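Contents: one structure, followed by commentary.
The values are calculated or read from the model by the stated rules, or taken from the named source; none is laboratory data. Everything numeric in this text was worked out from a predicted model, so none of it was measured. Heads up, the Cβs are rebuilt from the backbone with ideal geometry, glycines too, and the neighbour counts pull from every protein chain shown.
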Amino acid sequence: MRLSDFKGEEAIEVFAEIVEPLSMIIGDKEIQELAKNKVMPVKYVKPALKNHKKEIIKVLSILNRKDEKEFEKELNLLNLPMMIVELINDPEVQNLFHSQGQIISTSSAYSGSAMENIEAEGN
């Protein structure tokens, strides 16, 4: 299921449910570093799966319109890779992670105070 498949009020409800687990995944230091270095989205999978199992289950269950506990019982090594590939190939998800990388690289481009920059130029 793609994010763009949800429309109207359902889109609002889905977003409200996935925003917290997605922010936990996107906020992961290892994933932020990958985003900052603009690596391919497939590289985010390992740290996301290792560090955020509960969040992954929550997001996938919501996107598949299933109860979280029921979904977890159905999750296996055959259907998980297909769901992950579908999720990371979703253009909206790719934009989300790439825009996060832009935010990180923009905010870290200028560290230190403005006075330090002026003093360094004056010497």
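Taken together, the residues in the stretch 13-43 that are closer than 12 Å to Lys58 by Cα and at pLDDT below 85 amount to 0. Pairs meeting the criteria (first residue in the stretch 28-48 and farther than 14 Å from Ile88 by Cα, second residue aliphatic (A, V, I, L, M) and in a helix (DSSP H, G or I), beta carbons under 8 Å, at least 6 apart or on different chains) are Asp28/Ala48; Gln32/Ile26; Gln32/Ile104; Lys36/Ile104.
Considering the stretch 1-12, the residues that are of a type in the set (D, E, K, R) and exposed (fewer than 11 other Cβ atoms within 10 Å of the Cβ) include one that is modelled with the lowest pLDDT, namely Lys7. Could you run through the stretch 28-64 and say how many residues are surrounded by 12 or more Cβ atoms within 10 Å (Cβ to Cβ) and part of a loop (DSSP other than H, G, I, E, B)? Number of matching residues: 4. Considering the stretch 1-27, and only residues there that are part of a loop (DSSP other than H, G, I, E, B) and of a type outside the set (Phe, Trp, Tyr), the residue that is farthest from Pro91 (Cα to Cα) turns out to be Gly27.
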